[in-house]
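The values are calculated or read from the model by the stated rules, or taken from the named source; none is laboratory data. Being a predicted model, the structure only gives us computed values, none of them experimental. Here the Cβ is made from the backbone with ideal geometry for all residues, glycine too, and neighbour counts use every protein chain on show. Remember, those area values only see protein heavy atoms, side chains included, never the ligands or the DNA or RNA. Shrake-Rupley method; radii C 1.70, N 1.55, O 1.52, S 1.80 Å.
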Amino acid sequence: IPYTFKDPSLLDTRSFIGGKWVDASNGDKFAVLDPSDNEQICHVADLGRDETRQAIEAARSAFTKYRKTTARDRRWLMRRWADLIKEAKDDLAAICTLELGKPYTESLVTVKYGTDFLDWFEGAIERQYGETIPAAKGENRIFTIRQPQGVVAAITPWNSPVAMVTRKVGAAIAAGNTVVCKPAPETPLCAIAVAKLFERAGGPPGVLNIVTSSTEKSKLVGEEMTQNPLVKHLSFTGSTAVGRYLHAECAKSFKKTSMELGGNAPFIVFEDANLEKAAEGLISSKFRSSGQTCVCANRIFVHRSVMDRFATVLATKLASTFRYGSVWDKNVNFGPLYSARAFDKIHAQLDDALAHGAKLHADQTDQSQTGQVGHNDLGPNFYAPRIITHATKDMRFMREETFGPLAFLVPFETDDEAIALANGTSAGLASYFFTENISRVWHVSEELESGMVGVRVGLISACEQPFGGIKDSGVGREGGKDALDEYTEIKSITVGI
Ligand code: ADP
């Protein structure tokens with residue numbers, strides 16, 4: 001690769017258990033691929049159930065001491081960790097580009113986003129206040145304290161391999177818990193590097209454990225995490241199907257869960273919207289990370305009276321926003337999909353829409369036959385961004401998350417119809433809309449069934465904000481002060497006088 005690591009020791013292929021760097025006990029390994037060309041980058045330790053149990057036990061044993069650390073001690077640990085990540089940002093971004101295929105410049109942004117969480121949690125650790133409660137009958141005094149839960153298990157996805165780790169693990173550790181984290185099999189290397197920096201920051205052995213596993217063995221890791229009674233909380237980001245299964249398994253032993261699951265975000269453009277701003281918002285929401293985030297716009301509802309104009313403005317802006325090429329080129333800001341599997345799924349959604357009467361926007365008809373048209377030199381998983389008009393609610397994209405750079409535009413006539421279309425899905429993670437009308441701002445924000453709403457913005461993820469969904473998009477919130485609450489239990493203490 002055209003990058004020289006400043007600190008090659010950050011590139012490791014082992015798991016991290018109880019402060020020791022380990023391979024699988026039977027020596028198993030799995031391959032990590034470079035999405036730019038599907039070539040193998042390296043082989044990583046493939047751990048199973050026994051090693052997961054050891055990691056949970058190591059975390060439990062570390063908890064005995066870690067739970068007694070002061071907020072100030074944890075704060076400085078978080079500070080040192082965040083600083084080391086900032087110092088290593090170029091190398092971390094390179095690892096992200098290598099295993100995720102994200103353009104290098106974009107990887108730097110996502111590493112920064114990942115560090116933001118640690119910065120924010122550091123500031124919040126010392127403000128985990130309880131309450132005093134006036135006793136209804138007067139003879140007692142009642143107050144609350146917040147305490148860590150114990151061992152937290154975290155399962156993270158591939159699409160933001162630094163931030164998905166720091167957002168969960170950072171909050172859990174800041175709140176005084178210890179963690180066993182299983183990163184996605186596609187992107188284990190960022191999680192390993194982040195754990196290495198935790199160790200260097202003085203993180204006590206066993207407080208953060210990383211269990212790497214292949215797709216096949218991840219199921220075994222999940223079984224141990226959901227069945228082991230020492231685990232008190234499972235925090236998962238990934239598909240709704242897997243989340244549903246893990247949530248049900250955890251229910252058997254009343255483990256708390258945080259489930260950040262799939263979205264199917266509506267994006268509404270009302271007739272009074274500023275179309276330039278709406279197009280810019282849509283481009284950031286829809287096409288960022290090649291459309292591979294759970295909050296990406298998926299179903300775009302445009303008032304019929306502005307549909308043609310909006311599609312034209314959008315196409316013009318899209319043509320000047322993205323630059324394609326090697327993901328290592330600092331001018332490139334749009335990369336390949338993360339895997340061949342993703343490519344096929346997205347292309348099937350396009351085929352389905354075209355077969356049911358949708359049309360590629362005029363400027364792009366020449367790209368209709370294959371995902372790579374005009375870009376064959378950009379690798380097997382490159383998929384060009386597209387705008388699709390004349391989409392209808394009977395098409396597959398309305399029911400299934402796309403997770404790729406296809407913008408399906410569906411016309412609507414009235415506000416009520418737009419809201420009904422937007423809410424007509426089992427998902428409820430993010431929603432977006434553009435209007436210049438203040439009463440619409442309030443009314444539509446309150447009517448949309450989602451955990452997060454973007455009004456006149458296309459980017460809504462920030463470290464200080466509660467992030468999470470309703471309906472089939474899961475339970476719990478990450479980020480901001482709600483995240484620390486999520487990883488603590490309230491204890492009420494009643495004192496007689
Ligand atoms: P995606 O399709 O985006 O990979 P998944 O929900 O399959 O989404 O994966 C998200 C994370 O969940 C990954 O770390 C993956 O390895 C893990 N995972 C998938 N199935 C299981 C399972 N049965 N038990 C534990 N982890 C799982």
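With a ≥ b ≥ c the root eigenvalues of the C-alpha gyration tensor of segment 10-85, is it rounded (a/c under 1.5), prolate (a/b larger than b/c) or oblate?
Oblate, since a/c reaches 1.5 and b/c is not below a/b.
What shape does segment 393-497 have by the C-alpha gyration tensor, where a ≥ b ≥ c are the square roots of the eigenvalues, rounded means a/c under 1.5, and otherwise prolate means a/b greater than b/c and oblate the rest?
prolate
Can you work out D for segment 147-223 in µm² s⁻¹ from Stokes-Einstein, where Rh is the Kirkwood radius over C-alpha pairs, the temperature is 10 °C and the viscosity is 1.306 mPa s?
After rounding, the answer is 127 µm²/s.
Out of the GluC sites (Glu not before Pro) in segment 119-166, which ones are loop residues according to DSSP with at most 14 other C-beta atoms within 10 Å?
Glu131, Glu139
Excluding ligands, DNA and RNA, what is the solvent-accessible area per residue of segment 246-290 at a probe of 1.4 Å, expressed in Å²?
32
What accessible area, in Å² to the nearest ten, does a 1.4 Å probe give for Lys345?
For Lys345, solvent-accessible area is about 90 Å².
Rounded if a/c is under 1.5, else prolate if a/b beats b/c, else oblate: with a ≥ b ≥ c from the C-alpha gyration tensor eigenvalues square-rooted, which is segment 250-293?
It comes out prolate by the Cα gyration axes.
When N counts the residues of segment 1-128, how does its alpha-carbon radius of gyration compare numerically with 2.2 N^0.38 Å, as a ratio?
Dividing the Cα Rg of segment 1-128 by 2.2 N^0.38 Å gives 1.25.
For the chain, calculate the relative contact order in percent as a whole number, restricting contacts to Cα pairs under 8 Å that are 6 or more residues apart.
Taking the mean separation of contacting Cα pairs over the length of the chain, I get 19 percent.
At most 13 other Cβ atoms within 10 Å and a DSSP loop assignment: could you name the chymotrypsin sites (Phe, Trp or Tyr not before Pro) in segment 174-283 that fit?
When the chymotrypsin sites (Phe, Trp or Tyr not before Pro) of segment 174-283 are filtered for loop state and at most 13 Cβ neighbours within 10 Å, Phe254 remain.
Within segment 204-260, report the trypsin sites (Lys or Arg not before Pro) that DSSP leaves as loop and that have at most 11 other Cβ atoms within 10 Å.
The qualifying sites are Lys252.
If the cut-off is a Cα-Cα distance under 15 Å, which aspartates and glutamates reach Lys491, setting aside same-chain residues fewer than 8 apart in sequence?
Cross-link targets: Glu131.
How big is segment 210-368 along each principal axis, measuring the range of its Cα positions in Å and listing the largest first?
Between the extreme Cα coordinates on each principal axis of segment 210-368 lie 58, 37, 33 Å.
Just the accessible area for Tyr324, please: 1.4 Å probe, Å², rounded to the nearest 10?
80
Given the pairs Lys102/Lys232; Lys6/Lys317; Lys252/Lys345; Lys20/Lys219; Lys112/Lys252, which are separated by over 27 angstrom at their Cα positions?
From the list (Lys102/Lys232; Lys6/Lys317; Lys252/Lys345; Lys20/Lys219; Lys112/Lys252), the Cα-Cα distance tops 27 Å for Lys102/Lys232; Lys6/Lys317; Lys252/Lys345; Lys112/Lys252.
Sorted from largest down, give the three principal axis spans of the alpha carbons of the chain, whole angstrom values.
Principal extents (largest minus smallest coordinate, Cα): 71, 62, 38 Å.
With θ set to phi - 60° and the Karplus curve 6.51 cos²θ - 1.76 cosθ + 1.60, what are the ³J(HN,Hα) couplings of segment 275-291 in order, to the nearest whole Hz, using x for Gly and Pro?
Per-residue couplings from phi come out as 5, 5, 5, 5, 5, 5, x, 5, 4, 5, 6, 7, 9, 4, 6, 6, x Hz.
Put Val327, Val313 in order of accessible area, largest first, 1.4 Å probe: what do you get?
Greatest to least solvent exposure: Val313, Val327.
Can you compute the radius of gyration and Dmax for segment 212-294, using only the Cα atoms, both in Å?
Both quantities, over Cα of segment 212-294: 18.5, 55 Å.
Kindly sort Ser473, Ser461 by accessible area of their heavy atoms, largest first, with the probe set to 1.4 Å.
Ser461, Ser473
Using a 1.4 angstrom probe with every protein chain in place, what is the largest-first accessible-area order of Ser326, Ser289?
Ser326, Ser289
Calculate how steeply helix 49-66 sits against the longest principal axis of the alpha-carbon atoms of the chain, using the helix alpha-carbon long axis, and give the answer as 0 to 90 degrees to the nearest 10.
60
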